[in-house]
Structures are given as C-alpha cells and as structure tokens.
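J.: Just passing along the structure, written as structure tokens.
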Amino acid sequence: MTRKIILDVDTGSDDAVAIMLAALHPAIDLVAVCSVKGNQPLSSTTENSKRVLDLVHSDVPLYQGCKESFVREASPWRIKFEDRATIVDEEGKEHFIHEDFDMLPPSTRKIEDVPAPVFYVDYLKKAKEPVTIVAVGPLTNIATALSIDPDIKENIEELVLMGGADDEANASSSAEFNFFNDPESAQKVFQSGIKKITLCPLDVTHKAMVTKDDCRRFAEIGTPAAMFAVAMCEKRIEVHTQRQPLTLPDACALHDPLCVAYLIDPTVLTDVRYLHLDISLSGLTDGATIIDHRYFQDNRNVYIAYDGDRKKFVDIMCDAFRLSK
Ligand code: BDR
Ligand code: CA
C-alpha cells in the first residue's frame, strides 16, 4: 500500500533529500510539493525545489506558498536568528548549509497558479480520502490554510513535522529553526485539533545521523539522486563538524527526509512519546517547544520522536536512490 502525501518544504539541503525520497520511493504517492520561505527566501526555496524535482524526473505539481511568516516580520523587536551555519573553505569562501542549487540546471518547470495555502484548502475540501501532510519548513502555509478553513483538518490523516527540540536547539539558545522562524504558525498547528501529529525534533534527527561511510554507500549507487545526496551530506558534515559536532565523528543530521522515512517504515523512529506541546511566543525562548512530560497531562496533542534507527534510515534512502535515472 502506498501512502499519499503532500510535502511542504523550504528547500534547503535536507529538504532536497526529502523531495527525492518522496518522489522516488515506491511506498510513497507524492501528490504535490509546496514551497515556503525558510532556509532561503521563497524565490530560492521554490527554484531549488523545481531543480530537485527535475533531477528525479518527477512531474508532481509544485505550489508556491508564503513569502513571510505569520507575524514574526511584523515584530522587529523579537530575538534574532543566531547562527547562519556557515563555513569558510580553504580559499576563504563562505558556504551556507543551505545554498542555491547552482550545480543543478535552471528549471523551466511551471509552478501552479494558485498559492499553496489555497491549494491545501481546495484539495482537502474535495479529497475523497484523507491525505498525509509532511511539513519540514516553517508552518506558515499550513497555518494559513487552517486560518482560511479550520475544517480542512478533517481530511488530514496525519501531519508529520520536522521542527522543535526538547533537549537541543539550533536557531537560538532554546529554539529550533523551523519553529523559531514562525512560532505563531507552529502554535496554531499544534492547537488545531488535527487527528494525529507526529514530530521529528532535533532530539531524534541528531541521532539518526548520516556519516561519511554512508555517503560512500550513496556514491556507490551512483545515480543522480544518490550523487546529489552525497553533495548535500558532505557539506552538512563539514558544517556540523565545525559548528555543531554530533555524537559520531564525520556525521551530519539530515533532518527532513527522516519524516518521509517514518511513513515508509514507522520503525525508523524507535522512541515515540505521546505528549502535550506548546510553542513559546515571546522573549528569549521565542519559538521554543514547551513539552509537558507530566504523567497526569490529559491534553496530549503530538507524538514526539526521541530516538531513531539511523541504519534503517540510510537503507531506506539507498532503496529510493537506486530508482533514480
Ligand atoms: C530544520 O531547519 C532547516 O534549516 C532544515 O531544513 C530543517 O528543516 C532543522 O532545524
Ligand atoms: Ca527544511
């Protein structure tokens, strides 16, 4: 049985691998891709998404979404993003972990003529069967769609998210990038009453790592998708090594495809807890996840993954990359 999904991305090095995995793996039926501002301005996340879809010869429709977060841009006094995750190479050139995909040919693909939030509303209102949404950037498109019509939640089978952190952080001292960039949207989504939300925070993505040895496995596969994944991972490994070392040497987190891998094989997440989560909306903890671990909490709204099987994760990606032509 294939799982029907819509993928919401801010492409982005790890988003790119999520797109390739979703487009190539036979267990996933990719209905549409929606872009949102996040790792880059919207024009870049859209163009990057187009180029990756071209690379894997996918004709899935691409909807361009929100250019700005819900209210963050309107609140200039809020704390700023602390780490652009850059490295300087031997020639003194600075590289960002999420750059424009200049190594891929420019795309002539057309984007659909309705904005992503409108697509969500139309699609979900008419859908004959519920669909799963995988959102791996700021949640602006999803929150906007829910603001237009909260009833669309009835047709969302599951919402799988990359974002937040319990015991980690990367955008500020307490917040993860996706939720930090649009905290109001994230809070709206967690309060929406969507039937099932599954969250892959930094706690699990920093454990389900990809190493240089795994890159060698991708390189042996040698297909266009595998080689592009190698390029993305090698840069990420460099950035992690210099700025955010993980528990294994020569390794990187590859956050976003883990959400897709979970839909292919749920056992890739090994410690999942049903808890209540809110998002901090002000001050030094802006965008941080506030997770209630109290036993008597009876208002649980999210399944949170704390650990994962990194070998299984890499195997799943290898299976997909072998199918790239
Ligand atoms: C998340 O933020 C983005 O930079 C990545 O694409 C990922 O979705 C990790 O914090
Ligand atoms: Ca992302």
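J.: Just give me the residues in region 1-17 being within 20 Å of Thr132 (Cα to Cα), within 10 Å of ligand 2 (Cβ to nearest atom) and either of a type in the set (Ser, Thr, Tyr) or part of a loop (DSSP other than H, G, I, E, B) (or both), in sequence order.
T.: Asp10, Thr11 - these are the residues of region 1-17 that are within 20 Å of Thr132 (Cα to Cα), within 10 Å of ligand 2 (Cβ to nearest atom) and either of a type in the set (Ser, Thr, Tyr) or part of a loop (DSSP other than H, G, I, E, B) (or both).
J.: Could you list, in sequence order, the residues of region 18-43 that are assigned to a helix (DSSP H, G or I) and near ligand 2 (Cβ under 10 Å from one of its atoms)? Outline the logic, then answer.
T.: So the first thing to find is which residues in region 18-43 are assigned to a helix (DSSP H, G or I), and the list is 18-24, 42-43.
Scanning region 18-43 gives a single hit, Ala18.
J.: Mind checking which residues of region 171-223 are within 16 Å of ligand 2 (Cβ to nearest atom) and among the acidic types (Asp, Glu)?
T.: Listed by number, the residues that qualify are Glu176, Asp182.
J.: Of the residues that sit in region 1-24 and are surrounded by 22 or more Cβ atoms within 10 Å (Cβ to Cβ) and more than 13 Å from ligand 1 (Cβ to nearest atom), which one is farthest from the chain's Cα centre (by Cα)? Outline the logic, then answer.
T.: Start the filter on region 1-24 by keeping residues that are surrounded by 22 or more Cβ atoms within 10 Å (Cβ to Cβ), which leaves 5-24.
Then drop every residue that is not more than 13 Å from ligand 1 (Cβ to nearest atom), which leaves 5-6, 20-24.
Numbers: Ile5: 13, Ile6: 12, Met20: 13, Leu21: 12, Ala22: 12, Ala23: 15, Leu24: 17 Å.
The selected residue is Leu24.
J.: Considering only residues of region 278-299 that are assigned to a loop (DSSP other than H, G, I, E, B) and in contact (Cβ under 8 Å) with a residue 60 or more places away in the chain, which is surrounded by the most Cβ atoms within 10 Å (Cβ to Cβ)?
T.: So the residue we want is Gly287.
J.: Can I ask one more? Go through (1) within 16 Å of ligand 1 (Cβ to nearest atom); (2) surrounded by fewer than 19 Cβ atoms within 10 Å (Cβ to Cβ) one by one and return the number of the condition Phe177 breaks.
T.: (2)
J.: Look at Gly163 and say whether it is more than 12 Å from ligand 2 (Cβ to nearest atom) and either at positive phi or not basic (Lys, Arg) (or both). Even if it seems obvious, please write down each step before you answer.
T.: Details: more than 12 Å from ligand 2 (Cβ to nearest atom): no; either at positive phi or not basic (Lys, Arg) (or both): yes.
Here the answer is no, as Gly163 does not meet what is asked.
J.: Within region 184-207, identify whether any single residue is of a type in the set (D, E, K, R), surrounded by 21 or more Cβ atoms within 10 Å (Cβ to Cβ) and either under 24 Å from Ala127 (Cα atoms) or out of contact with any Asp or Glu (no Cβ under 6 Å at 6 or more places or on another chain) (or both), and answer yes or no.
T.: No, that holds for no residue.
J.: Could you tell me how many of the residues in region 285-298 are farther than 21 Å from Val204 by Cα and at pLDDT 95 or above? Reasoning before the result, please.
T.: First pass over region 285-298, keeping only residues farther than 21 Å from Val204 by Cα: 286, 295-298.
Next, only the ones that are at pLDDT 95 or above stay: 286.
Residues that pass the stated criteria total 1.
J.: Could you look through region 240-270, keep only residues that are outside any helix (DSSP H, G or I), more than 18 Å from Val230 (Cα to Cα) and open to solvent by less than 50 Å² (accessible area, probe 1.4 Å), and pick out the one that is nearest to ligand 1 (Cβ to nearest atom)?
T.: Leu246
J.: Count, please, the residues in region 60-92 that happen to be among the hydroxyl-bearing types (Ser, Thr, Tyr) and crowded, with 16+ Cβ neighbours inside 10 Å. So that I can check it myself, show each step before the final result.
T.: Restricting attention to region 60-92, the residues satisfying the condition of being among the hydroxyl-bearing types (Ser, Thr, Tyr) are 63, 69, 75, 86.
This time we only want the ones that are crowded, with 16+ Cβ neighbours inside 10 Å, so: 63, 69.
The qualifying residues number 2.
J.: So, one more: Just to verify a result, which residue in region 44-63, among those that are without any contact (Cβ under 8 Å) to a residue 60 or more places away in the chain and not in a helix (DSSP H, G or I), is nearest to Ala116 (Cα to Cα)?
T.: First pass over region 44-63, keeping only residues without any contact (Cβ under 8 Å) to a residue 60 or more places away in the chain: 44, 48-49, 51, 53-54, 58-63.
With the extra rule that they be not in a helix (DSSP H, G or I), the set shrinks to 58-63.
Numbers: Ser58: 18, Asp59: 17, Val60: 14, Pro61: 11, Leu62: 8, Tyr63: 5 Å.
Checked region 44-63; the qualifying residue nearest to Ala116 (Cα to Cα) is Tyr63.
J.: Within the set of pairs 6+ apart or on separate chains, which have a first residue in region 211-234 that is closer than 15 Å to Ser13 by Cβ, a second that is open to solvent by less than 40 Å² (accessible area, probe 1.4 Å) and part of a loop (DSSP other than H, G, I, E, B), and C-beta atoms under 6 Å apart?
T.: Qualifying pairs under 6 Å: Ala225/Val56; Ala225/Ser324.
The values are calculated or read from the model by the stated rules, or taken from the named source; none is laboratory data. This is a predicted model, so every value here is computed, not measured. Every residue, glycine among them, receives a Cβ derived from its backbone with ideal geometry; neighbour counts consider all protein chains shown. We work out accessible area using only protein heavy atoms, side chains counted, and drop any ligands, DNA or RNA first. Shrake-Rupley method; radii C 1.70, N 1.55, O 1.52, S 1.80 Å.
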